[in-house]
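The block underneath contains the structure these notes are about, expressed in structure tokens.
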Amino acid sequence: MKILVTVKRVPDPYAKVVPNTAGTDIAREGLQWAINPFDEIALEEAIRIKEAGKANEIVAVSIGGDECQEQLRTALAMGADRAVLIQITEWLDPTSIAHVLTRIYQREQPQLILMGKQAIDTDDNQVGQMLAALLDLPQATFASKIHIENGTATVERETDAGIETIRVPLPAIITADLRLNQPRYVALTGIVRARSKPLEVLPLAELGIAPQVRVRLLAVERPPARQAGKRVADVRELVRLLKEEARVI
Amino acid sequence: MRTITLRGGEFLLREVEPAQVFTPEDFTSEDLLLAQAAEEFVRGEVQPRNEAIEKQEEGLTVRLLKKAGELGLLGADLPEAFGGLELPKTTSTLIAEKMSLQASFAVSWGAHVGIGTLPILFFGTPEQKQKYLPRLAKGELIAAFALSEANCGSDPLSARTKATLAPDGKHYLLNGEKMWTTNAGWADLFIVFAKVDGEKFTAFIVERGFPGVSVGREEHKMGIKGSSTRRVILDNAQVPVENVLHEIGKGHHVAFGVLNIGRFKLAAAALGGSKEALTIATRYAKERQQFGQPIANFGLIKHKLAEMATQIYALESTVYRTAGMLDEVFHGIDPLAPDANAQYREADEEYPVECAILKVFGSEVLDYVADETVQIHGGFGYTEEFHAAQIYRDSRINRIFEGTNEINRLLMLDQLMRRALKGKLPGLMEAAQAIRAELNQPQMPTPDPIDPLEAIGKYIVNAKKAILMTAGMAVEQVGTELEEKQEIVAHLADCLIQLYAMESVWLRTRKLQQKGLDITIPLAMTRVFAYEAFDTIEAHARRALHAFAEGDMLQILLAALKRYTRRTSEVNTMALRRQIADYVLQHERAWMAGGK
């Protein structure tokens, strides 16, 4: 079985992100970057499936600029066998990313696509579902447990109502939630071994696709500063303020 | 013969170009990935267990070391043939920096991979290497280095531990007690030094399980409480003859041979610890409110943060420049070659002066940073409720172990002289003579260049001459008594430390500039550091001259010193430091090159 895992480059989850001075994007200067944590969980799951003898190849794919090679190298160091970078020069919206991924799917023909449920930079939570629709494949989102057996995946997903267990025939798209697993530390030995693993760089044009971007990023701004609290003299004043100023009662 | 940019000690005589030195900005993305892997391990597994480590929870440090071994974190410096990763010295130094974010663990790790493991790599027989190194690389065995004794610390050759050949001719019987052995509580093997027949100082590989080997109780230390420090007791300890390490009577090669690298690595560890402390101090300064505002707003707090960042930048520049030099001499040694050990030894013996400089400079930068971290925390810094107190306690040992800073200061001049006598420092005598000739010529003072980096370049050239002049005169005037007049030697050592750091900073900032990177903050730090270093060099040289010359001779020498330390430019260190502090406050860390 071949598993395709998506790897998005995002700002380090612990980095302090601020808008740039023009307010057109985040300030990228000096930022640390990482694999989207949900993608990392998806990759870890793929590695565990392979270690259990249920898969023989893991392909990591990223869509972005050349700098994404760093995250793909990390993916190779963790245990992916191959990596593919689809080079883009313009930002793509979730629909376009899903369209690009359909081409990767056709090219690679994996039996399983594992993705993070969302990326922590834009928090869209759309690509997995869109990709399933475009490919007309079953989907199991927000997976917190995955069991692969005889060409089907049994997936537990965390919902507000409780844990839901679903079964999907493969090939399918599964998106990883936070509690699916705890990704391993990257071993130095793995990094050194990754030197000889293939990392293919494909310009978007070579996939024969020209996505129509329908979402535009208008502005990036700080959330409004929280206003200082106010001391009130008694309950009577509190109720009055809640009614008249806050207008919540 | 491989090409070496600068031989050991040659920095005092020659100029190099920025392109010839290694800087942290030269790391590849793979190097950074390796460092990140080390950092994630320490932040994820080690730091959260700080309290348990400090209490020496049973088995914890060994478990962490074994886990580090599984991840390859014990094998950076070892050849692939012996289970290591065979990384360049630059990369292994970066890993050492990242492994040092919890001081006790850093010491346990450092003793294992450094003075515990390297003696076998540098001096072992092929059989010893094959038997021990792969298991040390994996963490299956933990190593320790047992040299000091109760009455023999700075003077290791006075050791009293004895080795006698047993009547069976197959074993040595070792008797004696070693002190301050790091990792003793959990080590599986010890590099032990003993005198064969009470005379021939010799190294042995001693397994913990050999009959007659035991360890004492834990020492109650001021800091690095989570590291194990015990006596190793050898009571007719039976050590097979094949466990003699290197030649009988040549134990001093082993003892001193790994200390250079050990001293260098200590500076890398001090760098990691200093950066961590700066971040902690900065966050506290931003949180702590006094007079209705964060104390970070105040000039004297900004001064401290900026000075910490500047010292860290200087240490970092110095550490990685030296790592690059070490890499030049260690690179390409075939670990399986019949003369591999001789090659390792030659490489290791190239930079004792630079390694001693780094040991002193690194430990003193860390001490300064730790001290100011406590100071910024005020009264809270004096309680164990905050991490600052632990940083302060943990820092202190660095000025003591791996050769006290006093011993290392004395070593610098001693090693320079030895290298010169052995012909390993060509040009020293010529340089000293050229200065003498130059001093005999009248010279019209010229104004300093306006460009700050050019001006600093001129000061570096002049500082070298001032130091060569002072050291040369000290050797000539004081002669053999110089060994006894340690104060003069220490003044010269401080000159060398400041010069080496000042030049390393200057070269790095110029390299940044040549790479087209933003040098606003590096330039500010370079100016603050270089001007003060130049002042410090002048002051130490002046005091050295006063210590051995008098009358007309003193006046002539002081005039000569003035000629080389005169400067016509000055800097506004207050304004520069505020600029540096604002960077530190914004990023909550020491300076690093921005994204691409």
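Using the Cβ of B:Thr282 as centre and a radius below 12 Å, the other residues enclosed give a net charge of +2, where K and R count +1 and D and E count -1. Once C-alpha pairs closer than 8 Å and six or more residues apart are averaged by separation and normalised to the residue number of chain B, the relative contact order reads 16 percent.
The orientation-averaged projection of the convex hull spanning the C-alpha atoms of the stretch B:531-590 amounts to 5.5 square nanometres.
Note on B:Asn151 and B:Glu484: with the Förster distance fixed at 30 Å, the Cβ-Cβ geometry gives a FRET efficiency of about 0.85.
Anything over 29 Å Cα to Cα? Flag those among A:Lys16/B:Lys275; B:Lys98/B:Lys485; A:Lys16/B:Lys66; A:Lys16/B:Lys359, in the order listed.
On the way: A:Lys16/B:Lys275 18 Å; B:Lys98/B:Lys485 39 Å; A:Lys16/B:Lys66 34 Å; A:Lys16/B:Lys359 35 Å.
Over 29 Å apart, Cα to Cα: B:Lys98/B:Lys485; A:Lys16/B:Lys66; A:Lys16/B:Lys359.
Spin-label pair B:Gln441-A:Ala52: with each label point 7 Å from Cα along the Cα-Cβ axis, the two points sit 8.1 nm from one another. Once both labels are positioned 7 Å from their Cα atoms along Cα-to-Cβ, the gap between A:Thr89 and B:Gln433 label points is 6.4 nm. Note on A:Leu238 and B:Glu57: with the Förster distance fixed at 35 Å, the Cβ-Cβ geometry gives a FRET efficiency of about 0.10. Note on the stretch B:357-512: the alpha carbon radius of gyration divided by the globular reference 2.2 N^0.38 Å gives 1.32. Where a Cα-Cα gap under 19 Å defines reach, which lysines qualify for A:Lys50, not counting those fewer than 8 residues away within the same chain? The reachable lysines, counting only those whose Cα sits under 19 Å from A:Lys50, are A:Lys2, A:Lys145, A:Lys197. Note: the stretch B:491-539, Cα convex hull, 46 Å³ per residue.
Computed log10 I(q)/I(0) for the stretch A:2-224 at 0.12, 0.14, 0.16, 0.18 Å⁻¹: -0.63, -0.87, -1.14, -1.42, from the Debye equation with unit scatterers placed on every C-alpha and solvent omitted.
Below 8 Å between Cα atoms, with a sequence gap of 6+, how large is the relative contact order for the stretch B:143-248 in percent?
Details: 262 pairs, mean separation 33.4, N = 106.
It rounds to 32 percent for the stretch B:143-248.
Scaled against the 2.2 N^0.38 Å expected of a compact globular protein of N residues, the Cα radius of gyration of the protein assembly as shown reads 1.07. If R0 is 25 Å, the Cβ-Cβ spacing of B:Thr404 and B:Lys250 corresponds to a FRET efficiency of close to 0.55. Residues of the stretch A:183-202 that bury at least 30 Å² of accessible area once all protein chains are present, compared with their chain alone (1.4 Å probe, heavy atoms only, ligands and nucleic acids left out), are A:Tyr185, A:Val186, A:Leu188, A:Thr189, A:Ile191, A:Val192, A:Arg195.
For the stretch A:2-224, the solvent-accessible area of protein heavy atoms averages 49 Å² per residue (probe radius 1.4 Å; ligands and nucleic acids excluded). Largest mean-square fluctuation among A:Val17, A:Val127, A:Val61, in a Gaussian network model of chain A whose springs join Cα atoms under 10 Å apart, belongs to A:Val17.
Please get the size of the charge dipole for the protein assembly as shown, origin at its Cα centre, with Cβ charges of +1 on Lys and Arg and -1 on Asp and Glu, quoted in debye to the nearest 20. Don't skip to the end; give the middle numbers.
Values: 98 positive and 111 negative charges, 153 e Å.
Computed charge dipole of the protein assembly as shown: roughly 740 debye.
Each Lys or Arg adds one and each Asp or Glu takes one away; over the other residues whose Cβ falls under 12 Å from the Cβ of B:Thr125, this sums to -1. Placing dummy labels 7 Å off each Cα toward the beta-carbon, the span from B:Glu207 to A:Arg167 is 5.5 nm.
Rounded to the nearest 20 Debye, what is the dipole magnitude of the stretch B:526-579 about its Cα centre when Lys and Arg each give +1 and Asp and Glu each give -1 at the C-beta? Kindly include the intermediate steps, with their values, before the conclusion.
On the way: 9 positive and 6 negative charges, 57 e Å.
Dipole size: approximately 280 debye.
For A:Ala143, the amide hydrogen comes within under 5 Å of the amide hydrogens of A:Thr175, A:Ala176, A:Asp177, counting only partners 5 or more places away or on other chains and with H modelled in the peptide plane.
Heavy-atom accessible surface of B:Trp186, to the nearest 10 Å², is about 50 Å², with a 1.4 Å probe and all protein chains retained.
Please work out the Kirkwood hydrodynamic radius for the stretch B:68-206, using every pair of different C-alpha atoms, and report it in angstroms with one decimal place. Every distinct Cα pair counted, the radius reaches 15.9 Å.
Near the amide H of B:His171, within less than 5 Å, lie the amide hydrogens of B:Ala166, B:Val241, all on another chain or at least 5 residues away, with H placed in the peptide plane. B:Met99 sits among other residues whose Cβ lies under 14 Å from its own Cβ, and their net charge, with Lys and Arg +1 and Asp and Glu -1, is -1. Scanning residues 5 or more positions from A:Val61 or on other chains, those with amide H under 5 Å from its amide H are A:Val5, A:Thr6, A:Val7, A:Val84, with H placed 1.01 Å from N in the peptide plane.
Is there a quick way to get the dipole size of the stretch A:12-104? I mean about its Cα centre, with the Cβ of Lys and Arg at +1 and of Asp and Glu at -1; what is the value in debye to the nearest 20?
Details: 8 positive and 15 negative charges, 46 e Å.
Taking the Cα centre of the stretch A:12-104 as origin, the dipole is about 220 debye.
For the protein assembly as shown, give the percent of accessible area contributed by carbon and sulfur heavy atoms, probe 1.4 Å, rounded to a whole number. Taking all protein chains in place, the protein assembly as shown shows 52 percent carbon and sulfur surface. Each residue of the stretch B:489-494 was assigned a 3J(HN,Hα) from its phi angle through the Karplus expression (A = 6.51, B = -1.76, C = 1.60, θ = phi - 60°), giving 4, 5, 4, 5, 4, 5 Hz with x at Gly and Pro.
With a 1.4 angstrom probe, the accessible area lost at the A-B interface totals about 1700 Å². Between B:Asn572 and B:Ile556, residue separation times 0.36 nm minus the direct Cα-Cα distance comes to 2.6 nm. How about A:Lys243: which aspartates and glutamates have a C-alpha closer than 16 Å to its C-alpha, ignoring those fewer than 8 places off in the same chain? Leaving aside aspartates and glutamates fewer than 8 places away in the same chain, those within reach of A:Lys243 are A:Asp234. Kindly identify the stretch B:143-248 as rounded, prolate or oblate by the Cα gyration tensor criterion: order the square roots of the eigenvalues as a ≥ b ≥ c, call it rounded if a/c is under 1.5, otherwise compare a/b with b/c, prolate if a/b is larger, else oblate. Prolate, since a/c reaches 1.5 and a/b exceeds b/c.
Under a no-solvent Debye model with one identical scatterer per Cα of the stretch B:470-596, what's log10 I(q)/I(0) at q = 0.11, 0.17, 0.20 Å⁻¹? So the normalised log intensities work out to -0.52, -0.90, -1.09. Dividing the summed -39500 (n - 2.57) terms of all DSSP H runs of n ≥ 4 by the residue count of the protein assembly as shown sets its mean residue ellipticity at 222 nm at -15500 deg cm²/dmol.
When the Cα positions of B:Val239, B:Tyr459, B:Val571 are compared along the charge dipole of the protein assembly as shown, B:Val571 comes out farthest toward the positive end, with charges on each C-beta of Lys, Arg, Asp and Glu. The residues of the stretch B:426-513 present an accessible area of 46 Å² per residue when probed at 1.4 Å with all protein chains retained.
If you take the Cα atoms of chain B, find Rg, then find the Kirkwood Rh from the mean of 1/r over all pairs, what is Rg/Rh? Present the calculation step by step, with values, prior to reporting the outcome.
Numbers: Rg = 24.4 Å, Rh = 25.0 Å.
So for chain B, dividing Rg by the Kirkwood Rh gives 0.97.
For the stretch B:69-81, 3J(HN,Hα) computed residue by residue from phi via the Karplus equation (6.51, -1.76, 1.60; θ = phi - 60°) reads x, 4, 7, x, 7, 9, x, 4, 8, 8, x, 4, 4 Hz, glycine and proline entered as x.
Annotation: B:Leu439 carries an accessible surface of approximately 50 Å², with a 1.4 Å probe and no ligand, DNA or RNA atoms counted.
The values are calculated or read from the model by the stated rules, or taken from the named source; none is laboratory data. Because the structure is a prediction, the values reported are computed rather than measured. Here Cβ is always computed from backbone atoms with ideal geometry, including for glycine, and neighbour counts include all displayed protein chains. These area figures cover heavy atoms from the full protein model, side chains too; ligands, DNA and RNA do not enter into them. Shrake-Rupley method; radii C 1.70, N 1.55, O 1.52, S 1.80 Å.
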